[in-house]
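Structure first, then comments.
The values are calculated or read from the model by the stated rules, or taken from the named source; none is laboratory data. All values derive from a computational prediction rather than experimental measurement. Glycine gets a Cβ as well: all are built from the backbone with ideal geometry, and neighbour counts include every protein chain shown. Note: areas computed on protein heavy atoms with side chains; ligands, DNA, RNA excluded. Shrake-Rupley method; radii C 1.70, N 1.55, O 1.52, S 1.80 Å.
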Amino acid sequence: MSEPRTLLAIDKVSKNFGRVTAVDGISLDIRENEFFALLGPSGCGKTTLLRMLAGFETPNGGRILLDGRDIAKIPPNKRPVNLMFQSYALFPHMSVRANVSYGLEMERLPANEIRSRVDAILATTELVAFADRKPEQLSGGQKQRVALARALVKRPRLLLLDEPLGALDKKLRGAMQLELKRLQHEVGITFVIVTHDQEESLVMADRMAVLRDGKLLQCDTPHAVYERPADRFVADFIGVMNFVPGKAAADGVLAANGARISGTVPAILSPGAAAVASVRPERIRLFPPPETANRVAGIVEALAYHGLDLQLHVRTALSQKPFLVRVTADAADRRPVTSGDAVELGWDAADVRIFAD
Amino acid sequence: MSEPRTLLAIDKVSKNFGRVTAVDGISLDIRENEFFALLGPSGCGKTTLLRMLAGFETPNGGRILLDGRDIAKIPPNKRPVNLMFQSYALFPHMSVRANVSYGLEMERLPANEIRSRVDAILATTELVAFADRKPEQLSGGQKQRVALARALVKRPRLLLLDEPLGALDKKLRGAMQLELKRLQHEVGITFVIVTHDQEESLVMADRMAVLRDGKLLQCDTPHAVYERPADRFVADFIGVMNFVPGKAAADGVLAANGARISGTVPAILSPGAAAVASVRPERIRLFPPPETANRVAGIVEALAYHGLDLQLHVRTALSQKPFLVRVTADAADRRPVTSGDAVELGWDAADVRIFAD
Amino acid sequence: MTSSPARIFGLRTTLVLVFAFLYIPIAVLVALSFNQGGLPTVWSGFSLKWYASLAGNAAILSAALNTLIVALVSTAIATLLGTLLAIGVEMRRQYGSGLEALIFAPMIIPDIVLAVALLSFFSMLDFTLGLHTIILAHVVFNLAFVCSVVRARLKSFDWSIVEASADLGASAVTTFRRVTLPVILPAVVAGALLAFTLSVDEFIIAFFTAGAGRASTTLPMQIYSMIRFGITPEINALATIVMAVSITALTLSQRLNRGVIGQ
Amino acid sequence: ADLVISNWDGYMAPDAMAAFKAATGVSGEVVVHATNEEIMGKLVASGGKGYDVVFVSSPFAEVLNKLGLIETIDHAKVPNLANLYPEAANLSHDVGNKFSVPYTWGTTGLCYRSDLVKTEPASWNDLLAPSDALKGKTTMLATDRWLLAAGQLAKGYSVNETDPAKLAEVKDLLISAKKTLLAYDDTTFYSKLVSGEALMVQAWDGWCNYGIAENPQIKYTIPKEGSDLWVDTMVVMKASANKDAAFQFINFMLDAKNHAWAAQNIDYKVPNKPAMESLPADFLAKFPNMAMPVAELVKFEQLRDVGDAQRDYSKIVSEIKAAQ
Amino acid sequence: MAPALAWLTALMMVPCALVLALAFFRRGIYGGIEYTFTLENFGLVLDPLYAGIFLNSARIAGTATLIAVVIGYAAAYAIAAAPRRWQPVFLFFAVLPFWSNYLIRTYAWIVLLNREGLITQLLRWFGYTGEPPSMLYTEGAVIAGLVYNYLPFVILACYAPLSRLNPELAEASRDLGASAMTTFRRVILPLTVPGIAAGAVFVFVLSIGNFVTPALLGGGRFQMIGNLVYDQFLTANDWPFGAALAMALIAIMLLVLMAQALAADRAAGRIAEAKADG
Ligand SMILES: Nc1ncnc2c1ncn2[C@@H]1O[C@H](COP(=O)(O)OP(=O)(O)OP(=O)(O)O)[C@@H](O)[C@H]1O
Ligand SMILES: Nc1ncnc2c1ncn2[C@@H]1O[C@H](COP(=O)(O)OP(=O)(O)OP(=O)(O)O)[C@@H](O)[C@H]1O
Ligand SMILES: NCCCCNCCCN
Ligand SMILES: [Mg+2]
Ligand SMILES: [Mg+2]
């Protein structure tokens, strides 16, 4: 595989609305033909960032380079970039078909090519039956699909999707995800997608960025972000995590309430500083083997089957919140526990990360 | 537990927009103080149904009874029902606080009660910092929370939520789900919620209804719907399902491509009719014990770890699409398989349901 | 959307040119108020005498006051009724063409027909004429104009906020007052300005529906009656004062109440 | 109730009502109308309720009378009728002042800039077919009857002609005249003369005087084919509730001093012998047409209601206005 | 809604029906009404003369409408793009000149345009010596006067829908590759058609009924159809014919307006876009 080329370089970009700083000095590279997911809590600046890439907001600082060229001066309609708006922004006076073909008409493509491309995308998005309706006659999910179709049909070099599938049911969403991946590979579109569906981003994205309060916290592959979150916030935000509060002790050790938890320390912590150790529920074993680095005794408070897994709430002396533990049903079968049982939990040092609190 | 009382009886209600039938003779009871989820593919009539309950659409047929009384004549502002709109419908000229307090002002509550209730719900929905902003100054998820807060703060008897959490990230969504459950139990609100998030409905709802093309397909507890779907569509729509096409044979048996699959037949099938047998991925065992009722040989096409589980695609002679099989990692550990391996799959007759195709 | 400098320049130029077009004749009108001679179109030297004679012209001043009363009251009524009508019509939308015609008619019925019709009608009913009958008549056409402007706005109105208001327990009146009206206020204000402007300048209908007496003589009636024997720059002086007063009032209200209608 | 008088604005002495009140103890108010047509329409539509005395031109008085809207003049209550010239009591539209009392009268002729027009105009044709120097610098009255009158007089026809063939000739003449015309104007023609925009206009004599007052080079002449005799009158409404006071008012206006004072204020001739004879010399010198002998004046034909021919008249005017 | 309709019915429908019904009677010899049923008035209406006047005045009013709509829309657009706080101020200044009197405003135009007027003086001041341009008493002057007097109404009407146009729609259009011009033509313009239509109706109906401007700026050489009706009622005292003309006029205009309203409605759809208000 050749060295990935940078399509879009976001260089210390900031944006504020009056006193509100929506995007705060973000630097980020989007590579050619990748599927890039933007994640972060509501209001963290995702939409604002996409709007700057598309050309609808002027950054207060920083540069955006496309193919190495600063695009500050390029108006939105000249950028090889398309944005699907979070609020859809469908043209209310145009039919579904007219909405979708609009972008192709702007490229002055021949009528029959427009027709066939529009027909194809309407079929993909299951909108054929609604082609002649006006947006006001559509349901929420149908509108979202029109917005998606309108953006996809253009096949731009860079497609920015702001929560494209949020209003769709699981089946349709799955089909649309496949379609997006197909477009990525067959047509060679680069995607930047905002999604609140973590599974979606973990499954689909080649890389992802986590934002908070307008700042970039981490940018890496989904696997890396999940397994090696950069800080406490990311650890908490992506997936489910148990935290043990304490103080930073010697290198790689957290002094918790009467216990010492060893793990990896991604960022330097001065000894004595407030810190937390984190471990994923599925990394915790019930009745761990004796060689396990970290262990603690606890009482099962509640348990529930989630599909194949058994999920336990185990109260320990280490934290106020009970530990969340996910064990496979098979493991549970081997040594059944029920509510009120005393158990022992354990996890490896390799599965622990210690962050500033 | 006393016999649940019916709060709202929906009786053969239909609605069409011109030639489009959005809701088609739905009958449904919503019980006092339950958490009821409406599911169905995009455009199936969920929003339309809620809008009729709230009083914004007049049914073309059927009745809606609240506490046994027909509410056709009661205008929306007199119904003890609130709707959170899928499109939010925030008042653009009012601040967040004004939007949220509006409904309480309509009840002519004392100013200090309004203030404290609004403050509380703003805190819950993490909107305190935005109280003085106008909707246009909010992000998508912030708007959705304002809409939610505005509906929740009224504490009506019946609260209709049309995709209330779709634009929120997982953390916030979890917190909001807890809040909704708390309101259900502490304040005694009855909820009808539209959601595309299956996990959300499976976890939160006391009962759920699945709609399709304006018709009610099934209404039952989440567990029952998952385990005993009423028809092929529901089986496919909720969760993941493997289907084996064939013909209905003797009672409880499907004649598939060279195999006979036995299972439960929820609706009468005339022998020879096209039918499918369905089985969930997690009910399929690799290398099943010999007494297993249904079994088939196949080749592993792909496999992927999903958290604790291993997900396999296994091609068999029974269906065109490969079987999806989810086994626990532990099970897999015990007898590892890799792509290209020949395997045997098996499942119990109790886990199979046979539907008309 | 971000505004390019070119776009801003274009917008500003447009405003400057349009306002120049609107105000050049007004500059002439104001200049003529200081005209020595009495001819309406010939300049013959500077003088303040028309302001002095205006101050002593009770007829013109009382006509001006009557005009203001008619315009204000008819605008208020027409704005209210016209706005409600627009909302009613746009909410239903499946109105018949009869209703549509009824709403368009006041705009296209020739003034003289409406004037003669109303006067005949009032006399038939033995209705006493006066300022109130002018107001009744002005509301007829003003209502149609206001309704048109507000309807133009309502075509792009998001009705779901009206539903949301009802859903939150607001009565129709409260919804109108607290939700619909504030949101369409710019259009309502535009409609009211239009109605006021029409009413201030309306002659024929006012003339026919006015009572016989000074008490219901409006300024256009007064001014048109001067045609035959010379419209003097007193009227220009009056117009100048009206504009000066309006601008002062606007400036003050802007100071007091920064941009109420602009939210 | 107070007496209500409707008049054109400025068509009386400004102090007339105050003087009337002082003289008689009756108070009244003057309301204004813009044109004969409008006040007519209003009186017809409302039956004239609310008005006591109305000032209208004679053909309109004639129609109001025929429609039964105005009261017979009670000569006993208007002794000053005696001040009228005998000719003014014998006007064709109302012989014997049965329903109308003449207030002003005069002619319609040519008003021109003597300093800029080479030869003094002598004929209506000088207006209708002007010399090259005057082309595009003439105006005609826009009011239908007076507009047609110019053509009728030029052709030597009656100003009340109803013969369709003759009217057609008049129409053609006027359509051809339209090409050389600056404008039809019955409101600002005199200021056009003052500014020099127009050099010769069809004008009512009194209104020409307004121009003369601004520029003495402006002169008035009656073409050789003649003029009409226009008369503005006072009538009493049948619906009036104050008829006695109304007659009293008319009587007051006809008082020689008052009528003379009116003439000096409005620059129009009044049909009041003692009043005219009392006008100061400088006033007469300034406005030569004021001195026109009555005998000459009354030779001219008055505009009369033409009955059903009115339809033809108004159609002709429409055709002229529509002609390119 | 009901009070407005009641108002219109009582004070417009009923009285106007009474007067318009006169079209079916005969003019009395002295201008009164002779109550014998006849259709002759409608026969007269069909005279090509009146059709010609109608067409000509419709052409003049139409031209004025077109110009006023172009200028007024541009002005409304610029006002709607100005900071929110300034918008009411601009609107106010757009109508303020029209709180003076129509007649004296028209005189002001005469002062500017007449052969010896300000514009000529200005030209001379710049050294122009030729014949002064003939600007007054032309169709152009009439149109200019109509545009001038009714421009504010277009501005007000167009401002109404422009004031809260959802900016994201224009953004979406730009995003899809449309130039500013195309965005305007295909998105902004269609969405503001209701305002344009309302403004156009205002200018057209007010122009076609206007008589001061054709009389003063047109030198009486042009006649609007409204004026013809006026003349029948007042000058000719021919109410039946006036009523017949009025009915014809009203019918034609209603047809045009309702067709236009329908078209505009179809063009704009119902723009229930949440963001337009949010
Ligand atoms: N005004 C309308 N005119 C015509 N059809 C309409 C109208 N409103 C809704 N529909 C149609 O009615 C059906 C039901 O719409 P509804 O909004 O109830 O769907 P929904 O279940 O809420 O879907 P979603 O999950 O996408 O929001 C859809 O097919 C929709 O296209
Ligand atoms: N016009 C504005 N004026 C003031 N603040 C604004 C404006 N637009 C956005 N913001 C603020 O900027 C921040 C970033 O907004 P943005 O829309 O980018 O968030 P987001 O990450 O897309 O959130 P969401 O997931 O909820 O859509 C938010 O706090 C928002 O309130
Ligand atoms: N058709 C009735 C319209 C009335 C408006 N007249 C206003 C005249 C303003 N000069
Ligand atoms: Mg967003
Ligand atoms: Mg919906």
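Would you check which residues across region B:99-131 are open to solvent by 30 Å² or more (accessible area, probe 1.4 Å), within 27 Å of A:GLU163 (Cβ to Cβ) and more than 12 Å from chain A (Cβ to nearest Cβ) and list them? Spell out how you get there, then give the answer.
Step one: list which residues in region B:99-131 are open to solvent by 30 Å² or more (accessible area, probe 1.4 Å), which gives B:105-113, B:115-117, B:119-120, B:123-124, B:126, B:128-130.
This time we only want the ones that are within 27 Å of A:GLU163 (Cβ to Cβ), so: B:123-124, B:126, B:128-130.
Matches in region B:99-131: B:ALA123, B:THR124, B:VAL128.
Restricting to region A:176-212, count the residues that are more than 11 Å from chain B (Cβ to nearest Cβ) and either over 10 Å from the mean Cα position of the chain (by Cα) or within 16 Å of ligand 5 (Cβ to nearest atom) (or both).
Selection size over region A:176-212: 17.
Taking the conditions exactly as written (basic (Lys, Arg), assigned to a helix (DSSP H, G or I) and within 16 Å of ligand 4 (Cβ to nearest atom)), does B:ARG182 satisfy them or not?
Numbers: basic (Lys, Arg): yes; assigned to a helix (DSSP H, G or I): yes; within 16 Å of ligand 4 (Cβ to nearest atom): no.
Taking the combined requirement at face value, the residue does not satisfy it.
Given the condition part of a helix (DSSP H, G or I), more than 16 Å from ligand 3 (Cβ to nearest atom) and of a type in the set (Asp, Glu), answer yes or no: does some residue in region A:86-107 qualify?
Checking region A:86-107: at least one residue is part of a helix (DSSP H, G or I), more than 16 Å from ligand 3 (Cβ to nearest atom) and of a type in the set (Asp, Glu).
Out of the residues in region E:99-121 that are out of contact with any Asp or Glu (no Cβ under 7 Å at 6 or more places or on another chain), within 7 Å of another protein chain (Cβ to nearest Cβ) and within 16 Å of ligand 3 (Cβ to nearest atom), state the one that is most open to solvent (accessible area, probe 1.4 Å).
Among those that are out of contact with any Asp or Glu (no Cβ under 7 Å at 6 or more places or on another chain), within 7 Å of another protein chain (Cβ to nearest Cβ) and within 16 Å of ligand 3 (Cβ to nearest atom), it is E:TRP99.
Go through (1) surrounded by fewer than 23 Cβ atoms within 10 Å (Cβ to Cβ); (2) in contact (Cβ under 8 Å) with a residue 60 or more places away in the chain one by one and return the number of the condition D:SER195 breaks.
(2)
Quick one: is B:GLN142 away from ligand 1 (no atom under 16 Å from the Cβ) and not hydrophobic (A, V, I, L, M, F, W, C)?
The answer is yes for B:GLN142.
Consider B:ALA167 against the criteria (1) at pLDDT 95 or above; (2) within 16 Å of ligand 1 (Cβ to nearest atom): it satisfies all of them except one. Which criterion is unmet?
Against the list (1) at pLDDT 95 or above; (2) within 16 Å of ligand 1 (Cβ to nearest atom), B:ALA167 comes up short only on (1).
Here are some residues: A:ARG79, A:ARG69. Which one is open to solvent by 50 Å² or more (accessible area, probe 1.4 Å) and modelled with pLDDT under 95?
Of A:ARG79, A:ARG69, the one residue that is open to solvent by 50 Å² or more (accessible area, probe 1.4 Å) and modelled with pLDDT under 95 is A:ARG69.
Where residues in region B:43-66 are in a loop (DSSP other than H, G, I, E, B) and either open to solvent by less than 10 Å² (accessible area, probe 1.4 Å) or in contact (Cβ under 8 Å) with a residue 60 or more places away in the chain (or both), which of them is nearest to ligand 3 (Cβ to nearest atom)?
B:GLY45
Conditions (1) more than 20 Å from the chain's Cα centre (by Cα); (2) over 25 Å from D:GLN217 (Cβ atoms); (3) not in a helix (DSSP H, G or I), marked per residue:
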{"position": "D:PRO274", "(1), (2), (3)": "yes, yes, no"}
{"position": "D:ASN289", "(1), (2), (3)": "no, no, no"}
{"position": "D:ALA295", "(1), (2), (3)": "no, yes, no"}
{"position": "D:LYS299", "(1), (2), (3)": "no, yes, yes"}
{"position": "D:ASP312", "(1), (2), (3)": "yes, yes, no"}
{"position": "D:LYS321", "(1), (2), (3)": "yes, yes, no"}
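Residues being in contact (Cβ under 8 Å) with a residue 60 or more places away in the chain, outside any strand (DSSP E or B) and on the phi < 0 side of the Ramachandran plot: count how many of those fall in region B:1-41.
Qualifying residue count, region B:1-41: 3.
Taking into account only those residues within region A:134-154 that are under 19 Å from A:GLU105 (Cα atoms) and touching a strand residue (DSSP E or B) at 6+ places or on another chain (Cβ under 9 Å), which is farthest from ligand 5 (Cβ to nearest atom)?
Let us first name the residues in region A:134-154 that are under 19 Å from A:GLU105 (Cα atoms), namely A:134, A:146-154.
Then keep just the ones that are touching a strand residue (DSSP E or B) at 6+ places or on another chain (Cβ under 9 Å); that gives A:147-148, A:150-152, A:154.
On the way: A:ALA147: 15, A:LEU148: 16, A:ARG150: 19, A:ALA151: 21, A:LEU152: 22, A:LYS154: 26 Å.
Among them, the one singled out is A:LYS154.
State whether the residues of region C:5-22 include one that is among the hydroxyl-bearing types (Ser, Thr, Tyr), open to solvent by 40 Å² or more (accessible area, probe 1.4 Å) and facing another protein chain (nearest Cβ under 9 Å).
Yes, there is a match, as at least one residue in region C:5-22 is among the hydroxyl-bearing types (Ser, Thr, Tyr), open to solvent by 40 Å² or more (accessible area, probe 1.4 Å) and facing another protein chain (nearest Cβ under 9 Å).
Restricted to region E:188-231, and to residues that are within 7 Å of another protein chain (Cβ to nearest Cβ) and closer than 22 Å to E:LEU18 by Cα, which residue is farthest from the chain's Cα centre (by Cα)?
E:ASP231
When E:ASN237 is evaluated against the numbered criteria (1) within 24 Å of E:ALA23 (Cβ to Cβ); (2) more than 7 Å from chain D (Cβ to nearest Cβ); (3) not aliphatic (A, V, I, L, M), which criterion, by number, is the only one it fails?
The failed condition is (2).
Are any residues in region B:303-349 within 14 Å of chain A (Cβ to nearest Cβ), more than 28 Å from A:SER201 (Cα to Cα) and buried (at least 16 other Cβ atoms within 10 Å of the Cβ), and if so, which ones?
Of everything in region B:303-349, nothing turns out to be within 14 Å of chain A (Cβ to nearest Cβ), more than 28 Å from A:SER201 (Cα to Cα) and buried (at least 16 other Cβ atoms within 10 Å of the Cβ).
Give just the number: which of (1) more than 7 Å from chain E (Cβ to nearest Cβ); (2) touching a residue at least 60 places away in the same chain (Cβ under 8 Å); (3) open to solvent by 20 Å² or more (accessible area, probe 1.4 Å); (4) within 21 Å of the chain's Cα centre (by Cα) does C:ASN57 not satisfy?
(4)
Residue-wise test of (1) free of Cβ contacts under 8 Å to residues at least 24 places away in the same chain; (2) open to solvent by less than 20 Å² (accessible area, probe 1.4 Å); (3) in contact with a Leu (Cβ under 9 Å, 6 or more places away or on another chain).
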position	(1), (2), (3)
C:SER47	yes, yes, no
C:VAL70	no, yes, yes
C:VAL73	no, no, yes
C:GLY82	no, yes, yes
C:ALA86	no, yes, yes
C:GLU90	no, yes, yes
C:LEU99	yes, no, yes
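Exactly one of these conditions fails for B:ALA255: (1) outside any loop (DSSP other than H, G, I, E, B); (2) touching a residue at least 12 places away in the same chain (Cβ under 8 Å); (3) out of contact with any Pro (no Cβ under 6 Å at 6 or more places or on another chain); (4) among the aliphatic types (A, V, I, L, M). Give me its number.
The failed condition is (2).
Starting from region A:184-211, take each residue that is charged (D, E, K, R) and list its partners that are in a strand (DSSP E or B), counting only C-beta distances under 7 angstrom and pairs at least six apart or across chains.
A:ASP206/A:PHE35; A:ASP206/A:PHE36; A:ARG207/A:PHE36; A:ARG207/A:CYS219; A:ARG207/A:ASP220
Being surrounded by fewer than 18 Cβ atoms within 10 Å (Cβ to Cβ) and in contact (Cβ under 8 Å) with a residue 24 or more places away in the chain is the requirement here; does B:ARG228 meet it?
So B:ARG228 passes the test.
Of all residues in region A:194-225, how many are over 15 Å from A:GLY25 (Cβ atoms) and either within 16 Å of ligand 3 (Cβ to nearest atom) or open to solvent by 30 Å² or more (accessible area, probe 1.4 Å) (or both)?
Selection size over region A:194-225: 8.
Find the helices (runs of 4 or more DSSP H) located wholly in region E:133-187 whose residues include 2 or more that are surrounded by 24 or more Cβ atoms within 10 Å (Cβ to Cβ) and facing chain A (nearest Cβ under 9 Å), and list them.
Filter on region E:133-187 gives E:167-175.
Kindly indicate which of A:ALA37, A:ALA9 is modelled with pLDDT of 95 or more, open to solvent by 10 Å² or more (accessible area, probe 1.4 Å), away from ligand 1 (no atom under 16 Å from the Cβ) and closer than 23 Å to A:SER201 by Cα.
Numbers: A:ALA37 fails: open to solvent by 10 Å² or more (accessible area, probe 1.4 Å).
After applying the criteria, what remains is A:ALA9.
Quick check, is B:GLY141 within 16 Å of ligand 4 (Cβ to nearest atom) and part of a loop (DSSP other than H, G, I, E, B)?
no
Need the failing condition index for A:LEU168 against (1) touching a helix residue (DSSP H, G or I) at 6+ places or on another chain (Cβ under 7 Å); (2) away from ligand 5 (no atom under 16 Å from the Cβ); (3) within 11 Å of chain B (Cβ to nearest Cβ), just the number.
(2)
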